[in-house]
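Peer 1: Sharing a structure here in structure tokens format.
The values are calculated or read from the model by the stated rules, or taken from the named source; none is laboratory data. Since we're looking at a predicted model, the values are computed, not measured. Cβ coordinates were reconstructed from backbone atoms using ideal geometry, including for glycine residues, and neighbour counts include every protein chain displayed.
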Ligand code: ADP
Ligand code: ASP
Ligand code: MG
């Protein structure tokens, strides 16, 4: 059977309605075996991404601004509990989730690193999606390793393959891994895309689907140029030349491209759209 790795970005995990779409997409094709999720993003213009809230919370904790810290963290807590409730979580799940959210609140307040704080956005999201999709949660610290210089450790792909062989389906948090010092480290911002590409390369996936809030790669940002259409196909090289196409992190395209894994950019809110495929050459039909 084909193996597809799917990555859902922050707009696809932002609230219960989006999360239910993610569940439908995951269920629609049994080949979608490994699901990578980002922390909940903006629900509307002016909203704040969970990752940004966590960075602000960590800064407030470090400066011992207790009141501010509790206020910011309350927003994080509220958003995760709302998504869990809106996607039908029962009391037992909610009480476990609350306990983890509270434990995390104390860890950050007591000095956990900024990277640890930021990574909790994807961890809590992945736990909610694991329940919703009905596939086990596997933490990224078990899969992704960084070298001392902060780059991806070369053993990561083999580690991913070994850990996921025999695992039919899994939900995996994006954006972070374990450093050579044993601590949590993150990719650059937008790095959930890189996690998806690393998992796809590790399991030698047939396809890496990157689900977002636009129907593919456009010649320019579609939010600024509404009449534009998505490009149906791009080579890895053509995508790399499209500087500023922030729809997919350039490192993600490189990681998948080096292994020749086709990437498809798709829209969670218009799953029927064909999206953009990035590969060496268009598939022969
Ligand atoms: P996600 O949360 O799914 O990772 P991102 O915000 O990182 O989503 O990327 C998707 C956004 O990228 C789109 O909403 C769009 O506004 C923006 N974007 C910028 N340039 C382009 C482009 N050339 N083609 C498509 N989208 C683009
Ligand atoms: N949540 C992280 C960020 O906001 C990673 C990602 O969304 O890909 O940058
Ligand atoms: Mg992104």
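Peer 1: For segment 257-282, what are the residues that are more than 24 Å from residue 27 (Cα to Cα) and either loosely packed, with under 12 Cβ neighbours inside 10 Å or under 17 Å from the mean Cα position of the chain (by Cα) (or both)?
Peer 2: Once the filter is applied, which keeps residues that are more than 24 Å from residue 27 (Cα to Cα) and either loosely packed, with under 12 Cβ neighbours inside 10 Å or under 17 Å from the mean Cα position of the chain (by Cα) (or both), segment 257-282 yields 258, 260, 280, 281.
Peer 1: Does any residue of segment 54-69 turn out to be part of a helix (DSSP H, G or I) and within 22 Å of residue 249 (Cα to Cα)?
Peer 2: yes
Peer 1: Consider residue 185 against the criteria (1) surrounded by fewer than 19 Cβ atoms within 10 Å (Cβ to Cβ); (2) touching a helix residue (DSSP H, G or I) at 6+ places or on another chain (Cβ under 7 Å): it satisfies all of them except one. Which criterion is unmet?
Peer 2: (1)
Peer 1: To continue, here is another question. Within segment 1-19, track down each residue that is part of a loop (DSSP other than H, G, I, E, B) and within 14 Å of ligand 3 (Cβ to nearest atom).
Peer 2: Within segment 1-19, 9, 10, 11, 12, 13, 14 meet the criteria.
Peer 1: Exactly one condition in (1) under 29 Å from residue 272 (Cβ atoms); (2) touching a strand residue (DSSP E or B) at 6+ places or on another chain (Cβ under 6 Å); (3) outside any loop (DSSP other than H, G, I, E, B); (4) away from ligand 3 (no atom under 16 Å from the Cβ) is false for residue 135; which is it?
Peer 2: It is condition (3) that residue 135 fails.
Peer 1: With respect to residue 234, is the statement that it is within 24 Å of residue 126 (Cβ to Cβ), surrounded by 14 or more Cβ atoms within 10 Å (Cβ to Cβ), touching a strand residue (DSSP E or B) at 6+ places or on another chain (Cβ under 6 Å) and modelled with pLDDT of 95 or more true?
Peer 2: no
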